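Take this structure first; my questions come after.
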Amino acid sequence: MPTTEWLKKEFDYGYDSGNVLGLLPNKVRRSEEKRIGGSYRRVFKQAILPFLKPDSRVMELGPGNGAWSRAILQHIPNGKLITVDYQDVTQWLDPEQFEGRLECHQVNENSFSCIEDGSIDFFWSMGVLCHNNQKHIGEILRNARPKLKPGKFACHQYANWDKLEQYGWRRGGVPAEFQQMADDEIWWPRNNQMNMVSLSVDAGWTVVRPDLKLLQRDGVIQLRNASSV
Ligand SMILES: C[S@@+](CC[C@H](N)C(=O)[O-])C[C@H]1O[C@@H](n2cnc3c(N)ncnc32)[C@H](O)[C@@H]1O
């Protein structure tokens, strides 16, 4: 099944990463952290928190059940979180509970046409780019960049097959057979740090750090929108 079609169907149950900010991980988070080789709390503190101010406008791609969204909302009491997902995430994240601070968009493609240009302070995703093939990552990065205010930042977790090879396919929860399959047949398409940097640069971003080195299995890239257009 092509990766995009699979993606649109697969996560209709609302993928959950657990209590990302808790001092002690709950069961869901503990099992994910084992596969990803890192602490979600540490990821939040180092890849998200430094970019948030109380009134920040944050864009999140692929919130699923909203584990990261809820954590972000705690830190932007006067700001707004705008989510974009193939799923209708309002089943799990109810905008009415957040008094105008949460706006959720269900989309069918990667245009980000629902978001105003130059309106976003920080762009985040976890567990999203790792499931998109390189053509779609390129589209996402190219179309999302103009949504950010000039000089603002983005951080994204991405698949890195070089790290996965070191970490171990079984330990990382990714079937080793994927190595013999084409990208549009698998849910963890090929990517690595070099590709991710080149896709980001082609999409007009400045790469601040290609990998924040927070996860043993995957990369987390930090980008800056240096341009005003
Ligand atoms: C594995 S879940 C991750 C959920 C959440 N970020 C987390 O880490 O707990 C991936 C989510 O991203 C969404 N998604 C993946 N690719 C997308 C795309 N190109 N555009 C919109 N949503 C996408 C899926 O529908 C799904 O809800």
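The values are calculated or read from the model by the stated rules, or taken from the named source; none is laboratory data. This one's a predicted model, so the numbers in the text were calculated from it and none came from an experiment. Neighbour counts run over all protein chains shown; Cβ positions are idealised from the backbone, glycine included.
Check the stretch 80-90 and report whether any residue there is of a type in the set (Asp, Glu), under 16 Å from residue 17 (Cα atoms) and crowded, with 17+ Cβ neighbours inside 10 Å.
Taking the stretch 80-90 and keeping what is of a type in the set (Asp, Glu), we get 85, 88.
Then drop every residue that is not under 16 Å from residue 17 (Cα atoms), which leaves 85.
Going one step further and asking which of them are crowded, with 17+ Cβ neighbours inside 10 Å, we end up with 85.
Yes, there is a match, as at least one residue in the stretch 80-90 is of a type in the set (Asp, Glu), under 16 Å from residue 17 (Cα atoms) and crowded, with 17+ Cβ neighbours inside 10 Å.
Matching residues to (1) at pLDDT 95 or above; (2) within 10 Å of the ligand (Cβ to nearest atom):
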position	(1), (2)
1	no, no
8	no, yes
33	yes, no
51	yes, no
59	yes, no
63	yes, yes
67	yes, yes
75	yes, no
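Another question, then. Can we say residue 191 is touching a residue at least 60 places away in the same chain (Cβ under 8 Å) and of a type in the set (S, T, N, Q)? Spell out how you get there, then give the answer.
Numbers: touching a residue at least 60 places away in the same chain (Cβ under 8 Å): yes; of a type in the set (S, T, N, Q): yes.
Judged against the criteria, residue 191 is a match.
Of the conditions (1) in a helix (DSSP H, G or I); (2) without any contact (Cβ under 8 Å) to a residue 40 or more places away in the chain; (3) within 25 Å of residue 154 (Cα to Cα), residue 207 fails just one. Which one is it?
Checking residue 207 against (1) in a helix (DSSP H, G or I); (2) without any contact (Cβ under 8 Å) to a residue 40 or more places away in the chain; (3) within 25 Å of residue 154 (Cα to Cα), the one that fails is (1).
Here is a further query. Take residue 79 and tell me if it is of a type in the set (Gly, Ala, Ser) and within 14 Å of the chain's Cα centre (by Cα). Give the steps one after another, and end with the answer.
On the way: of a type in the set (Gly, Ala, Ser): yes; within 14 Å of the chain's Cα centre (by Cα): no.
So residue 79 fails the test.
Here's something else I'd like to know. Just the residues that are near the ligand (Cβ under 8 Å from one of its atoms) and in a loop (DSSP other than H, G, I, E, B), please, taken from the stretch 125-144.
126, 127, 128, 132
Could you check the stretch 148-203 and list, in sequence order, the residues that are among the basic types (Lys, Arg) and part of a helix (DSSP H, G or I)? Explain how you work it out, then say what you get.
Pass one, the stretch 148-203, residues among the basic types (Lys, Arg): 149, 152, 163, 170-171, 190.
Those that are among the basic types (Lys, Arg) and part of a helix (DSSP H, G or I): 163, 170, 171.
If a residue has to be farther than 18 Å from residue 215 by Cα and either near the ligand (Cβ under 9 Å from one of its atoms) or touching a helix residue (DSSP H, G or I) at 6+ places or on another chain (Cβ under 6 Å) (or both) to count, how many in the stretch 17-31 make the cut?
Qualifying residue count, the stretch 17-31: 0.
In addition: What pairs come up if the first residue lies in the stretch 51-75 and is free of Cβ contacts under 8 Å to residues at least 40 places away in the same chain, the second is surrounded by fewer than 18 Cβ atoms within 10 Å (Cβ to Cβ) and among the polar types (S, T, N, Q), and their beta carbons are under 6 Å apart, counting only those six or more places apart or on different chains?
Close Cβ pairs (under 6 Å, with a partner that is surrounded by fewer than 18 Cβ atoms within 10 Å (Cβ to Cβ) and among the polar types (S, T, N, Q)) amount to 54/78; 55/78.
Can you name every residue in the stretch 128-145 that is surrounded by fewer than 19 Cβ atoms within 10 Å (Cβ to Cβ) and in contact with a Phe, Trp or Tyr (Cβ under 7 Å, 6 or more places away or on another chain)?
143, the sole residue that qualifies.
Right, next: For the stretch 95-124, enumerate the residues that are within 16 Å of the ligand (Cβ to nearest atom) and in a loop (DSSP other than H, G, I, E, B).
Kept after step one, since they are within 16 Å of the ligand (Cβ to nearest atom), are these residues of the stretch 95-124: 102-115, 120, 122-124.
If the condition is that a residue be within 16 Å of the ligand (Cβ to nearest atom) and in a loop (DSSP other than H, G, I, E, B), then 107, 108, 109, 110, 111, 112, 113, 114, 115 are the ones that fit.
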